[in-house]
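Asker: I have a structure here, written as structure tokens, and I will follow up with some questions on it.
What follows draws every value from the coordinates through simple rules; no lab data is involved. Note that the structure is a prediction, hence the values are computed from the model and not measured. So basically every Cβ, Gly included, is an ideal-geometry build from the backbone, and we count neighbours across all protein chains shown.
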Ligand SMILES: NC(=O)c1ccc[n+]([C@@H]2O[C@H](COP(=O)([O-])OP(=O)(O)OC[C@H]3O[C@@H](n4cnc5c(N)ncnc54)[C@H](O)[C@@H]3O)[C@@H](O)[C@H]2O)c1
């Protein structure tokens, strides 16, 4: 199992670290445009191998895509992150150019690869990878919902004063401050609806805190977060590499599912060795359907800014 991670910055390096620590991949290649940067991160990470007990070989490359050849999975984290006060959508100008070139370069050397898109605005970048590469839809996956769901569970556990392992919940829709659709109705503590434990008002607060989860961290850190994003990506990579058939909300090209067409947006999918093995259509109520539709309108508006 060979995994390439393009962008050896905060998210890319964190992702490589979590993949290595989980010890399921034989090789991780980090690639960056900054001279020596990926090589340096790879060497630093390799020097944690004896300490953390993993055998994954991590190597670095400055823009040499031949080193990424025959990757089973490629993760795209290259591009600029947002600064405090910025929306993810504002990154489109610079990141679209980067993601377009990177995805073309990747498939030249790994035509059978599965691509996981992380760079923001993620749903639009995932759509761009579809348009650029023409790969089948099961092989292009956008990571956003897995992270947003982890943040949702964190906020729910906090509100319920419960351990996170007791909590289950999922966030669908666009990966943006206004587009997220946290499914509060279906969130549970050990199968009991969370609404049994906290007031409607507290639940609305959880919902709002989840939606601005990324912005809250960007304000605190001065740039966007990396530990949870890296961990979320490593979870998707592991589900594919180990053919786990696990369900995650991921950005996926919809063709009629949820009444939506011609865009990539967060929906539950089953991940296995073929990438997206299935899109799961859950029964949403009218309010949730309306929320998904509104979220999709936002994503489509950003997609319209792409020069395809
Ligand atoms: N989808 C999500 O849930 C999620 C979460 C966090 C961050 N992000 C996004 O991920 C991206 C990376 O964030 P970060 O915090 O790691 O940023 P960062 O600045 O720390 O790292 C980005 C790296 O990309 C490299 N890069 C730029 N252009 C390149 C190119 N053409 N080829 C190869 N490498 C190139 C840079 O040199 C840099 O090292 C941002 O767009 C950010 O918004 C997405």
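Asker: List the residues of region 180-202 whose backbone N lies under 18 Å from a point placed 7 Å from the Cα of residue 293 along the Cα-to-Cβ direction.
Answerer: 180-182
Asker: How high is the relative contact order of the chain? Use alpha-carbon pairs under 8 Å, at least six apart in sequence, and give a whole percent. The partial results should precede the final answer.
Answerer: On the way: 663 pairs, mean separation 55.6, N = 308.
This gives 18 percent for the chain.
Asker: Dimensions of the chain along principal axes (Cα, Å, largest first)?
Answerer: That works out to 53, 46, 37 Å along the principal axes.
Asker: May I pose another question? On the principal axes of its Cα set, how long, how wide and how thick is region 1-77? Give whole Å, largest value first.
Answerer: Extents along the principal axes, in whole Å: 29, 23, 18.
Asker: Additional query: Can you give me the angle between helix 145-160 and the longest principal axis of the chain, using Cα atoms only, in degrees from 0 to 90, rounded to the nearest 10?
Answerer: For 145-160 against the chain, the angle is about 50 degrees.
Asker: Please work out the Cα center distance from region 218-270 to region 121-167, rounded to the nearest Å.
Answerer: Rounded to whole Å, the Cα centres lie 3 Å apart.
Asker: Where Rh is the Kirkwood radius over the Cα pairs of region 42-143, the temperature 10 °C and the viscosity 1.306 mPa s, what D in µm²/s does Stokes-Einstein return?
Answerer: Numbers: Rh = 14.8 Å.
Result for D is 107 µm²/s.
Asker: Report Rg(Cα)/(2.2 N^0.38 Å) for region 128-267, keeping two decimals. Write down the numbers at each step before the final one.
Answerer: Numbers: Rg = 15.7 Å, N = 140, 2.2 N^0.38 = 14.4 Å.
Relative to the 2.2 N^0.38 Å estimate, region 128-267 comes out at 1.09.
Asker: Output the relative contact order of region 154-308, whole-number percent, from Cα pairs under 8 angstrom with separation of 6+ residues.
Answerer: Relative contact order comes out at 22 percent.
Asker: At a Förster radius of 45 Å, what calculated FRET efficiency corresponds to the Cβ-Cβ distance of residue 204 and residue 112, to the nearest 0.05?
Answerer: Numbers: r = 46 Å, r/R0 = 1.01.
Efficiency for this residue pair is about 0.50.
Asker: Right, another one. How big is region 201-259 by Rg and Dmax over its Cα atoms, in Å?
Answerer: Final numbers for Rg and Dmax: 15.4, 41 Å.
Asker: Using just the helices of the chain, give the 222 nm mean residue ellipticity in deg cm²/dmol: DSSP H runs with n ≥ 4 each add -39,500 (n - 2.57), and the total is spread over all residues, rounded to 500. Mind showing how you got there, number by number?
Answerer: Numbers: 10 runs with 127 residues, N = 308.
Per the formula, -13000 deg cm²/dmol.
Asker: What's the exposure ranking of 15, 242, going from fewest to most Cβ atoms within 10 Å? Write down the numbers at each step before the final one.
Answerer: On the way: 15 30, 242 16.
Placing the least packed residue first, the sequence is 242, 15.
Asker: With an 8 Å Cα cut-off and a minimum separation of 6 or more residues, compute the relative contact order for region 1-83 in percent. Each step should come with its number before you reach the end.
Answerer: Working: 165 pairs, mean separation 34.3, N = 83.
The normalised contact order for region 1-83 reaches 41 percent.
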